[in-house]
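Below: the structure, in structure tokens.
The numbers here are math on the coordinates, done by the rules we state, and not lab data. Since the model is a prediction, treat every value here as computed from it, not as a measurement. FYI the Cβ positions are ideal-geometry reconstructions off the backbone, even for glycines, and counts take in every protein chain you see.
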Amino acid sequence: MQRLVVVVPLAEGAEEQARELLEQGPPFELGDTQYVRHEVFLTGSEVVFVFEAGDDEPATLSVRAADPSFWRAAAAWRPLMAGRPRIAETIFVWERDRPA
């Protein structure tokens with residue numbers, strides 16, 4: 001499994017606005033991407049986006065510059081951010097073997 005984790009620091013007091021944006025869902029159709037799983041975690045100070053792709057796919061976030069829905073969503077996030085998004089490196093993963 002390939003994983004991409006993006007951490008977005010939130011400005012103070014932006015948690016509820018971030019929650020509202022997240023509840024609208026992603027700004028693109030996940031079924032049209034290489035991802036097999038997507039999760040979003042919210043704390044009082046950051047949002048963590050986790051994208052997982054199959055073993056055969058690189059976990060890179062590809063964005064089409066011509067897609068206006070993506071850029072509208074990015075513009076909505078800008079005032080909520082306390083800094084630049086950053087990529088988190090996976091250091092440790094443990095997974096129980098699943099019975100066949």
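Miscellaneous remarks
- Rounded to the nearest 500, the helix-only mean residue ellipticity at 222 nm of the chain stands at -5500 deg cm²/dmol, with each DSSP H run of n ≥ 4 adding -39,500 (n - 2.57).
- Nitroxide proxy distance, nm - points 7 Å out along Cα→Cβ at residue 32 and residue 100: 4.0 nm
- Put a dot 7 Å past the Cα of residue 93, heading toward its Cβ, do the same for residue 1, and the two dots end up 0.7 nm apart.
- Length-normalised contact order of the range 2-88 in % [C-alpha pairs under 8 Å, at least 6 apart]: 49 percent
- The calculated FRET efficiency for residue 55 paired with residue 84, based on their beta-carbon distance and R0 = 25 Å, is about 0.25.
- C-alpha long axis of helix 68-77 to longest principal axis of the chain, angle in °: 70 degrees
- Taking the DSSP bridge list for the range 2-88 and keeping only pairs wholly inside it, about 100 percent are antiparallel.
- Calculated on alpha-carbon atoms, Rg and Dmax of the chain in Å: 14.8, 48
- Computed extension gain for residue 23 through residue 11, at 0.36 nm per residue and net of the alpha carbon distance, reaches 2.5 nm.
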